[in-house]
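A.B. asks: Could you have a look at this structure, given as structure tokens, before my questions?
The values are calculated or read from the model by the stated rules, or taken from the named source; none is laboratory data. These numbers come from a predicted model, not from an experiment. We place every Cβ from the backbone using ideal geometry, glycine too, and count neighbours over all the protein chains shown. Heavy atoms of the whole protein, side chains included, go into the accessibility calculation; ligands, DNA and RNA do not. Shrake-Rupley method; radii C 1.70, N 1.55, O 1.52, S 1.80 Å.
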Amino acid sequence: MGILNQYLVLILLWATQGLSQYNEYDYDTDYGPEREDEFPPQFQFPHPVDYAVPHFPYTNDCARECYCSPAFPLVMHCDNRKLKIIPQIPSRIQQLHLQYNDIEAVSAKSFVNATGLTEINLSHNKIKSNKIEFGAFAKLPHLSQLFLHHNDLEEIPSPLPSSTERLFLGFNMINKVRENDFQGLVNLTMLDLCNNQIDFIKGKTLTKLKNLMQFNICNNKLHSMPVKLPASLMYLSMENNSISEIPSDYFIHLPNLLAIRMSHNNLKNVPLRMFNLPHLMELNLGHNKLQNVFYIPRSLEHLYLQDNEIESLNITFMCPGIDPINTNRLTYLRVDQNKLKGPISTYAFLCFPHIQSIYYGEQKYDGNEEPHLQIRVIPPFPMAENDEDDDDDRDEGPRYHAGYHPEYRAHEHGESDEDFDDYSY
């Protein structure tokens with residue numbers, strides 16, 4: 001029996017060695033037939049990659065009046081549900097949508113469990129200023145966006161957390177801006193106060209907003225420019241107010257401005273170098289009472305001067321010199337509904353070599369005069385039948401339009417180019 005056991009052990013060792021040679025076989029150096037994959041390419045399973053995205057297990061703690069999607073566990077949708085009070089908010093929620101309801105009040109206890117909120121949308125409700133509990137939003141250290149437009153607010157809610165970056169207060173009944181309304185909002189970049197009843201901004205309220213880039217205060221009752229806007233400002237919207245004068249040095253301290261919209265005001269004259277800003281690209285002064293033109297900065301691309309009292313486009317004032325290296329970038333000019341009578345000097349096209357379209361349109365006239373339309377000094381757009389022949393060789397030069405400009409399609413439907421609800425740039 002001892003000899004038999006020894007033979008069995010030797011046989012087992014030999015079998016194990018034979019099997020192990022297949023486990024150590026290197027398929028990469030095999031010159032025989034290629035090994036077929038266990039799964040075809042379309043069924044290959046990638047290696048798991050950790051993208052550091054936190055995992056939030058879906059729970060049933062969502063308010064019964066609202067909807068929480070398992071795909072977006074940090075968002076709670078309570079919009080358009082005829083709610084009158086703010087429902088209970090789970091602690092995991094970061095974005096809260098409560099727009100289009102009948103909510104009238106905001107209490108601090110509404111957010112006591114949801115201190116991680118970064119965005120709250122309470123627009124299109126019935127919230128009044130005296131129904132917002134003092135400090136209701138101040139205890140949300142991560143709140144960056146607050147939407148309160150289309151409510152019944154008479155004052156700006158304060159205090160707000162310093163984390164606030166975008167604040168929407170348009171379409172309310174706010175009639176004043178107090179000096180401490182924006183106290184501590186060092187991170188605010190966008191402030192929308194359009195469509196209120198503001199006639200005065202006290203002191204240097206806005207100067208403290210060191211990071212403010214966009215300020216919308218259109219459709220209000222301002223009679224003067226706000227005092228000392230922050231130098232960080234890039235977009236300024238002040239349409240539909242009653243401003244009749246701009247201090248001569250007002251924009252000197254705003255070198256970062258890219259767009260200024262001041263249509264529908266009472267401006268009569270502006271200093272010659274008022275808008276000499278290094279980065280200004282859009283300037284809208286339509287629907288004012290301007291009588292004279294002014295210097296056009298080289299960076300400006302779109303200029304709107306429609307519906308004013310301008311009798312002559314003095315190109316020498318607009319462009320005192322030609323620099324072939326640093327040329328003017330103006331591409332579009334609108335001057336309809338002024339008192340222009342003569343043709344625009346062809347010198348304008350030397351001064352503004354990038355001009356693509358001048359909308360001259362119909363000018364104002366006395367009752368005894370015929371409407372005056374500018375004659376074409378530059379050929380119109382090629383007809384469709386000519387496009388096939390010289391599509392490759394056509395010269396894309398500037399165009400001079402005597403009447404309707406194709407970019408203003410809204411006019412066909414009786415709409416105004418100034419009518420828009422979104423005042424963001």
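A.B. asks: Among the residues of the stretch 163-184, what is the count of those that are open to solvent by 40 Å² or more (accessible area, probe 1.4 Å) and closer than 24 Å to I89 by Cα?
C.D. replies: Residues that pass the stated criteria total 2.
Listed here are the residues, each with its yes/no results for (1) touching a residue at least 40 places away in the same chain (Cβ under 8 Å); (2) farther than 20 Å from G286 by Cα; (3) in contact with a strand residue (DSSP E or B) (Cβ under 9 Å, 6 or more places away or on another chain); (4) charged (D, E, K, R).
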residue: N308; (1), (2), (3), (4): no, no, no, no
residue: E311; (1), (2), (3), (4): no, no, no, yes
residue: P320; (1), (2), (3), (4): no, yes, no, no
residue: I325; (1), (2), (3), (4): no, yes, no, no
residue: K341; (1), (2), (3), (4): no, no, no, yes
residue: Y347; (1), (2), (3), (4): no, yes, no, no
residue: Q356; (1), (2), (3), (4): yes, no, yes, no
residue: Y360; (1), (2), (3), (4): yes, no, yes, no
residue: Y365; (1), (2), (3), (4): no, no, no, no
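A.B. asks: Residues R273, R261: which one is open to solvent by 20 Å² or more (accessible area, probe 1.4 Å), of a type outside the set (S, T, Y) and in contact (Cβ under 8 Å) with a residue 40 or more places away in the chain?
C.D. replies: Details: R273 fails: in contact (Cβ under 8 Å) with a residue 40 or more places away in the chain.
When all the criteria are applied, what remains is R261.
A.B. asks: Among the residues of the stretch 235-258, count how many are among the aromatic types (F, W, Y), open to solvent by 10 Å² or more (accessible area, probe 1.4 Å) and assigned to a loop (DSSP other than H, G, I, E, B). Full working, then the answer.
C.D. replies: In the first step, residues of the stretch 235-258 are kept if they are among the aromatic types (F, W, Y); the result is 235, 250-251.
Keeping just the survivors that are open to solvent by 10 Å² or more (accessible area, probe 1.4 Å) gives 235, 250.
From the residues that got through so far, the ones that are assigned to a loop (DSSP other than H, G, I, E, B) too are 250.
Final tally of qualifying residues: 1.
A.B. asks: Being open to solvent by 10 Å² or more (accessible area, probe 1.4 Å), part of a loop (DSSP other than H, G, I, E, B) and either out of contact with any Ser or Thr (no Cβ under 9 Å at 6 or more places or on another chain) or in contact (Cβ under 8 Å) with a residue 12 or more places away in the chain (or both) narrows it down to one residue among L160, L188, L143; which is it? Please lay out each step first, then the result.
C.D. replies: Values: L188 fails: open to solvent by 10 Å² or more (accessible area, probe 1.4 Å); L143 fails: open to solvent by 10 Å² or more (accessible area, probe 1.4 Å).
Checking each option against the conditions leaves just L160.
A.B. asks: Select, from F200, F171, the only residue that is aromatic (F, W, Y) and at pLDDT 95 or above. Let's see the steps before the verdict.
C.D. replies: Numbers: F200 fails: at pLDDT 95 or above.
The unique qualifying residue is F171.
A.B. asks: Which ones in the stretch 283-292 are open to solvent by 10 Å² or more (accessible area, probe 1.4 Å) and in contact with a Phe, Trp or Tyr (Cβ under 8 Å, 6 or more places away or on another chain)?
C.D. replies: Correct list: N284, N292.
A.B. asks: Hey, can you tell me all the residues within the stretch 92-139 that are of a type in the set (D, E) and in a loop (DSSP other than H, G, I, E, B)?
C.D. replies: Filtering the stretch 92-139 down to residues of a type in the set (D, E) leaves 102, 104, 119, 133.
Those that are of a type in the set (D, E) and in a loop (DSSP other than H, G, I, E, B): D102, E104, E133.
A.B. asks: Is it fair to say N292 is under 27 Å from the mean Cα position of the chain (by Cα) and assigned to a loop (DSSP other than H, G, I, E, B)?
C.D. replies: Details: under 27 Å from the mean Cα position of the chain (by Cα): no; assigned to a loop (DSSP other than H, G, I, E, B): yes.
It is false that N292 is under 27 Å from the mean Cα position of the chain (by Cα) and assigned to a loop (DSSP other than H, G, I, E, B).
A.B. asks: Within the group A71, A114, which residue is open to solvent by 20 Å² or more (accessible area, probe 1.4 Å) and either under 15 Å from Q145 (Cβ atoms) or small (G, A, S) (or both)?
C.D. replies: Details: A114 fails: open to solvent by 20 Å² or more (accessible area, probe 1.4 Å).
Checking each option against the conditions leaves just A71.
This table checks each residue for (1) assigned to a loop (DSSP other than H, G, I, E, B); (2) open to solvent by less than 90 Å² (accessible area, probe 1.4 Å); (3) in contact with a His (Cβ under 9 Å, 6 or more places away or on another chain); (4) at pLDDT 95 or above.
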residue	(1), (2), (3), (4)
H47	yes, no, no, no
D50	yes, no, no, no
M76	no, yes, yes, yes
P87	yes, yes, no, yes
